[in-house]
Amino acid sequence: MVLNINKPFHLESGEVLPELTIAYHTFGTLSAEADNVIWVCHALTANSDVADWWPNTVEPGCFLDPEKYFIVCANIIGSHYGTTGPLSINPTTGQPYYDTFPQMTVRDMVRAHQLLAAHLGISKVELLIGSSLGGFQCMEWAVMEPDFPRRIALIATSAVTSPWAAGFNETQRMTILADTTYGTNSPDAGMRGLAAARANALLSYRGPAAYNLTQADQGAETDPENPFRRRVHSYQVHQGDKLCARFNAYSYFRLTRAVDSHDIGRNRGGIAKALADIKAKTLVVGITSDILFTLAEAQELAQHISNAQLETIESDFGHDGFLVEHKKLNTIINRFMQL
């Protein structure tokens, strides 16, 4: 489904989108009182079909139970999955935006989704939930509109994008810029750079424990005639190619910059002051092996949000633990929903 907004949408940068399309999915049935809504905010390269990218969650008995809740997930501005982004047609020129697409922030993403919530007649949600960049959106929304969520769940995320995380993002953008096709008016521009950027990103998403667990050389994969061949080499290539088959470099470039813009305390008197404005009952979930958004950052969130509890997931899968450890997440979030 899509919502078409045929009027200008003003971005924090001062630039303006002449019109805005928001793609979204819903699951389940909205109650007569509209009091059973769960709003899911997705991460960097995901889409609005949460059942597609968050396996074993949109099922009966799970925390996104479509028999119990009305679940909404909307694609973010600048993405590749139906919401206005770099490959969309600029109505002013009649051509795709490509590299002229304006830069957006996390707050822009939230303001767009507030328009969708109003269109759907949703003034409150039972749960606002997101991981990584999705968590950024959730905490922004909870600060911008404190009475909107009754509960929020912030998973594998942080109050501000650290220099460490921003360094990964800048390195990826440098890789994309090194591809000389980037900047041309083509949906395939920068694909070699995008593949390399994604391979770089996977290192931060998984970390050493996951790589050493899943990519160890075994048996027939070890070639005594070629000591330079490693299993992990083909994995890195596969991950890069996999993203190129479903995404574009222009969206990736702008979305990683949007991640770098995240600071919940920006123009609000600092992190502690901003987080103190959150009224919702809050669950913060940190993952022990997450090197991108660390457990210490999860602890900081829980410390500054007055009505927050911290849960820790033991996992070898780093930041991607929020995708892999669905059984643990189901237990934690279902318990939180009973409070």
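As a test question: what accessible area, to the nearest 10 Å², does Y235 have when a 1.4 Å probe is rolled over all protein chains in place?
Accessible surface of Y235 is approximately 40 Å².
With a Förster radius of 25 Å, plug the Cβ-Cβ distance of R230 and T171 into 1/(1 + (r/R0)^6) and report the FRET value to the nearest 0.05.
0.70
Enter the accessible area of H304 (Å², nearest 10), with the probe set to 1.4 Å and all protein chains included.
For H304, the solvent-accessible surface is approximately 50 Å².
Over the alpha-carbon set of the range 1-155, divide Rg by the Kirkwood Rh and report the Rg/Rh ratio to two decimals.
Here the Rg-to-Rh quotient is 0.97.
If the chain between A216 and V2 were fully stretched, how many nm would it gain, using 0.36 nm times the residue separation less the Cα-Cα distance? Walk me through the numbers on the way to the answer.
On the way: separation 214, 0.36 × 214 = 77.04 nm, distance 4.39 nm.
Between A216 and V2, full extension yields 72.6 nm more.
Give the distance, in whole Å, between the Cα centre of the range 18-75 and the Cα centre of the range 77-121.
Rounded to whole Å, the Cα centres lie 19 Å apart.
Mind telling me which of P224, P146, P187 comes out most flexible in a GNM of the chain, alpha-carbon contacts under 10 Å?
Residue with maximal mean-square fluctuation among P224, P146, P187: P224.
Could you check how much of the accessible area of the chain is carbon and sulfur, as a whole percent, using a 1.4 Å probe?
Here it works out to 53 percent.
For K328, give me every one of the lysines with a C-alpha distance below 22 angstrom, ignoring sequence neighbours fewer than eight places off in its own chain.
K68, K281
With r as the distance between the Cβ atoms of I89 and D147 and R0 = 35 Å, compute the FRET efficiency 1/(1 + (r/R0)^6) and round to 0.05.
Here the calculated transfer efficiency is 0.40.
Compare F317, F63 by solvent-accessible area with a 1.4 Å probe and give them largest first, with all protein chains kept in place.
Largest accessible area first, the list is F317, F63.
Could you work out the per residue convex hull volume over the alpha carbons of the chain, in cubic angstrom?
Enclosed volume per residue, from the Cα hull, is 136 Å³.
Report the FRET efficiency, 1/(1 + (r/R0)^6), for N307 and V237, where r is their Cβ-Cβ distance and R0 is 45 Å, rounded to 0.05.
0.45
What fraction of the DSSP beta bridges in the chain is antiparallel, stated in percent and rounded to the nearest 5?
Roughly 35 percent of the DSSP beta bridges within the chain come out antiparallel.
Which order do R150, R192, R107 take when ranked by solvent-accessible area (1.4 Å probe, heavy atoms of all protein chains), largest first? Mind showing how you got there, number by number?
Working: R150 130, R192 200, R107 25 Å².
Largest accessible area first, the list is R192, R150, R107.
Ignoring ligands, DNA and RNA, what accessible area per residue does the chain give at 1.4 Å, in Å²?
Heavy-atom accessible area per residue stands at 42 Å².
Which order do peptides 137-143, 21-27, 329-335, 151-157 fall in by mean Cβ count within 10 Å, highest first?
Averaged packing, sorted descending, gives the order 151-157, 137-143, 21-27, 329-335.
With only Lys, Arg, Asp and Glu charged, each at its Cβ (+1 for the first two, -1 for the last two), find how big the charge dipole of the range 1-158 is about the Cα centre; round to the nearest 20 debye.
Details: 7 positive and 16 negative charges, 30 e Å.
In debye, rounded to 20, the range 1-158 gives about 140.
Measure out, as a whole number of angstrom, how far apart the alpha-carbon centroids of the range 254-282 and the range 292-339 sit.
If you average the Cα positions of each part, the centres end up 18 Å apart.
The values are calculated or read from the model by the stated rules, or taken from the named source; none is laboratory data. Please read all numbers here as calculations on a predicted model, not as lab measurements. We place every Cβ from the backbone using ideal geometry, glycine too, and count neighbours over all the protein chains shown. What goes into the accessible areas is simple: the full protein's heavy atoms, side chains included, and nothing from ligands, DNA or RNA. Shrake-Rupley method; radii C 1.70, N 1.55, O 1.52, S 1.80 Å.
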